Amino acid sequence: MVPAKFCADKKRKTKYCKTEKDALAFCRKAKEPGWTFDGFLPPVSKTKEDEWNVALRRFHELYDGDVGKAFAAHDRLHKLAKLKSATVREAIEDFQTWRQTQVGIKWEQSTVTENGYHLNKLILGWGSNQLSDLTTVALREFFDEVKGDRPTIYKSISVFFVWAVKRNYLAENPLAPIEKKKEIGEFGVNDEPYPVPTFRRMLRIAAGLDSVGPGAEPTRDFIELGRWFVLSGFLGLRSCEGKRENRKAEAIRWTDLHWDAEVPYVEVRDEVAKSTKRKNDARNIETPHYLEAAKAWLDYMGPNEGPYIVRWTKRQIQELTRRFTKATKIKFIENGFRNSFATYALTYNGLQGVGKLALEMGNSEDICKRHYVKNIAPGSGRAWFSLRPFEVVSSAAATA
């Protein structure tokens, strides 16, 4: 009870507190000099008071008499009332716009673009719905039905929801209650390499040396694709390093090929390399048999018009890849060229070469072993890096 002397109308008032701790804090504050009670509420009508009593009884029943839960529910409703109003589509668009300001600081353009594909799956399902209406149950059903790499999609969506809470689009993260390992699954390890004869056929078709099939004439329509095969398969470049994600992005250029240097090398500039926590991510590739294989094929395919070795961007290459698969029936392996490069490089030199390989790939030794290396027959590495436009690998080496 607040004494009348502290109240503006000089009538004592009742002050309700959630906990004993809050009540004691209130009493301490009341002892401060000059303190007046600012919690005065004007009297209400009997009808309004009855309505409140009904609401209080309803809360009591709903939360099994747990007053703490009732207060928590009230606080949650209060937070919801202050949230930014946005549909799922509007919030995701705001998120992607914000992320563009972070490109080169926190994320690569390739990461932002890939996450956009995953977030688009949410837009397709609930684009016009209010983001604050999206529930944990709805997200569980989403992951039950979603097609694609579920752990990767979860990772992309998770970053968005954390951002949405911090930017007051959501009061709480609806993804948080989902147990990732049990309900989503864990990341797999994509370490499957291409067989040497398959890669040889891919190179020769792309270079216009062999036809796509019986009765067809050789074509150079797949030259841009062939250059990507070479950069990733013989030099181990990531997709985002070998070809541009979009027209504003950077990728390896012809001027990065230093064939005539005293010690020949290929330069992967800092602005091309995938960003890490290192101050500078630039690296050089200088192992002779990598360079000899890449130079032989790039020299044969010839330079294109423009500064980039692969002139086309990611979307154009994806379309060319679909055409290549349709014509040749060869299925692409996810991250297959870089996997193959690492695997065949180690069978060329043995495991003592992991350290050098990791440096040239821009990875740690542990990541290199765990994600890219698959045990295959000795000698296969020499068959892989001996592939040339006008040299046929012996049948024994090709099938090793």
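Since every read-out is calculated from the coordinates, none of them should be taken as a lab result. Note that the coordinates shown come from a computational prediction; the quantities given were computed from them, not determined experimentally. Cβ placement follows ideal geometry from the backbone for every residue including glycine, while neighbour counts extend to all protein chains displayed.
Mind pulling the angle between the C-alpha long axis of helix 88-100 and the longest principal axis of the chain? Nearest 10 degrees, somewhere in 0 to 90.
Orientation of helix 88-100: about 60 degrees from the principal axis.
Given Ala138, Phe26, Gly208, which one lies farthest toward the positive end of the charge dipole of the chain, if we put +1 on the Cβ of every Lys and Arg and -1 on the Cβ of every Asp and Glu?
Going by the charge dipole, the pick is Phe26.
Which number comes out as Rg/Rh for region 88-184 once both Rg and the Kirkwood Rh are worked out on C-alpha atoms? Present the calculation step by step, with values, prior to reporting the outcome.
Details: Rg = 12.8 Å, Rh = 13.6 Å.
With Rg and the Kirkwood Rh in hand, the quotient comes to 0.93.
In deg cm²/dmol and to the nearest 500, what is the mean residue ellipticity at 222 nm of the chain if only DSSP H runs of at least 4 residues count, each as -39500 (n - 2.57), divided by the residue total?
Taking each H run of at least 4 residues, the total per residue is -15500 deg cm²/dmol.
Treat each spin label as a single point 7 Å out from the Cα along the C-beta direction, and report the Thr136 to Lys18 distance in nm.
So the two model labels end up 2.0 nm from each other.
With unit charges on the beta carbons (Lys and Arg positive, Asp and Glu negative) and the dipole taken about the Cα centre of the chain, which residue among Thr325, Val2, Asn284 sits farthest to the positive side?
Looking along the dipole axis, the top candidate is Val2.
Based on Cα coordinates alone, diagonalise the gyration tensor for region 196-398, multiply each eigenvalue by 5, take square roots, and list the semi-axes in whole Å, largest first.
For region 196-398, the semi-axes come out at 25, 21, 16 Å.
Over all alpha-carbon pairs in the chain, figure out the percentage whose distance exceeds 26 Å.
66 percent
Could you rank the peptides 226-239, 251-264, 280-293 by their average count of other C-beta atoms within 10 Å per residue, with the highest value first?
Order by mean packing, descending: 226-239, 280-293, 251-264.
Between Arg382 and Ala25, what FRET efficiency follows from the Cβ-Cβ distance if R0 is 60 Å, with the result rounded to 0.05?
Taking R0 as 60 Å, the efficiency between Arg382 and Ala25 is 0.20.
So who's got an amide H within less than 5 Å of the one on Lys13, skipping anything under 5 residues away but keeping other chains? H placed 1.01 Å off N, in plane.
Distant-sequence amide H within range of Lys13: Val2.
Report, for region 196-398, the % of DSSP beta bridges that are antiparallel, rounded to 5.
That works out to approximately 90 percent antiparallel.
In whole Hz, what ³J(HN,Hα) sequence does region 121-130 give by Karplus (6.51, -1.76, 1.60; θ = phi - 60°), x for Gly and Pro?
5, 5, 4, 4, x, 9, x, 8, 7, 5
Using Cα positions and a limit of under 21 Å, work out the lysines in reach of Lys5, with same-chain residues fewer than 8 apart set aside.
Qualifying lysines at Cα under 21 Å: Lys13, Lys15, Lys29, Lys31.
Say R0 is 56 Å: what FRET efficiency, to the nearest 0.05, do Tyr300 and Lys82 get from their beta-carbon distance? Don't jump to the answer; show the numbers that get you there.
Working: r = 64 Å, r/R0 = 1.15.
The value I calculate is 0.30.
Taking R0 as 60 Å, what FRET efficiency do you get between Trp52 and Arg322 from their Cβ-Cβ distance, rounded to the nearest 0.05?
The formula returns an efficiency of 0.40 here.
Between their Cα atoms, which of Lys147/Lys180; Lys121/Lys181; Lys155/Lys331 are more than 24 Å away from each other?
Values: Lys147/Lys180 17 Å; Lys121/Lys181 21 Å; Lys155/Lys331 26 Å.
The answer is Lys155/Lys331.
Could you please rank Glu217, Glu360, placing first whichever residue has the fewest other Cβ atoms within 10 Å of its Cβ? Can you show the working numbers first?
Details: Glu217 7, Glu360 25.
So the ranking, lowest neighbour count to highest, is Glu217, Glu360.
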